[in-house]
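Working notes, structure below.
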Amino acid sequence: MKTIITIIATFIILNVQAQPGKYEAAMGAALQELGSANDANSLTAAGMKFERIADAEKTQWLPYYYAALVKARLSLMKAGDDPDVLADEATVLADKGIALQNNSELSCVKSMIATAKMLVDPSARWMQYSEEMNKYLEIAKKQDTTNPRPYTLQANNLINTPEQFGGGCSTALPLAQKAEVLYTAFKPSDALNPVWGKEMVERVITKCK
């Protein structure tokens, strides 16, 4: 859990500049709270703030994105009584974001949700959800060839997959190295956009040295 919390804490640029307008101010505050979240309860509280912003600002995809991202992470952490319910709630939020703007970041979240659903019962759900999580990563790569996060998630999935099933360093490392190059050049369009994932890549590369 501590590793996941550390990753969550890097979802934002901690020195978010003050932005004009109520929406930007509310998002900046929610991102600061997300960045300082250190357990499931504080992550849940941050996610609820994003949901409230999304309810108020129905034309903005980013609040739905972050709310879905938090729900997906909580499901992966198996926080709460039912990770399946958390993943389903993440799906609803992500789909609302996609209805506004179908982009690479939201496709990454859809892949994470599929991973969370699969991990509820891997032996029974592997065939269904492994195909879905990979499908969304390939879509994300096509939607934005400069986005490092599809490669980050793919490398992270593979490093946690046994070699006999196609995982391990031989398949994860090249993807992590690709993501590392992309992170060097990647610049979010503004301070509210996603920046997370570099630490996941560094961990894969270190493990495979």
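What follows draws every value from the coordinates through simple rules; no lab data is involved. As the structure is a computational prediction, the values presented were derived from the model and not from experiment. Positions of Cβ are backbone-derived with ideal geometry, glycine not excepted, and every protein chain shown enters the neighbour counts.
Points worth noting:
- Every pair of residues 6+ apart whose Cβ atoms lie under 7 Å, when the first sits in the stretch 197-209 and is within 15 Å of residue 168 (Cα to Cα) while the second is part of a helix (DSSP H, G or I) and acidic (Asp, Glu): 201/180; 205/180
- Failed criterion for residue 59 (all others in (1) part of a helix (DSSP H, G or I); (2) over 16 Å from the mean Cα position of the chain (by Cα) hold): (1)
- Yes/no for residue 170 being within 30 Å of residue 22 (Cα to Cα), among the hydroxyl-bearing types (Ser, Thr, Tyr), free of Cβ contacts under 8 Å to residues at least 12 places away in the same chain and out of contact with any strand residue (DSSP E or B) (no Cβ under 8 Å at 6 or more places or on another chain): no
- Qualifying position, being closer than 29 Å to residue 209 by Cα and of a type in the set (A, V, I, L, M), among 127, 77: 77
- Residues in the stretch 161-209 that are closer than 24 Å to residue 34 by Cβ and assigned to a loop (DSSP other than H, G, I, E, B): 186, 187, 188, 189, 190, 191, 192, 193, 194, 195, 196, 197.
- Within the stretch 82-110, the set of residues being polar (S, T, N, Q) and either without any contact (Cβ under 8 Å) to a residue 12 or more places away in the chain or surrounded by fewer than 24 Cβ atoms within 10 Å (Cβ to Cβ) (or both) comprises 91, 101, 102, 103, 104.
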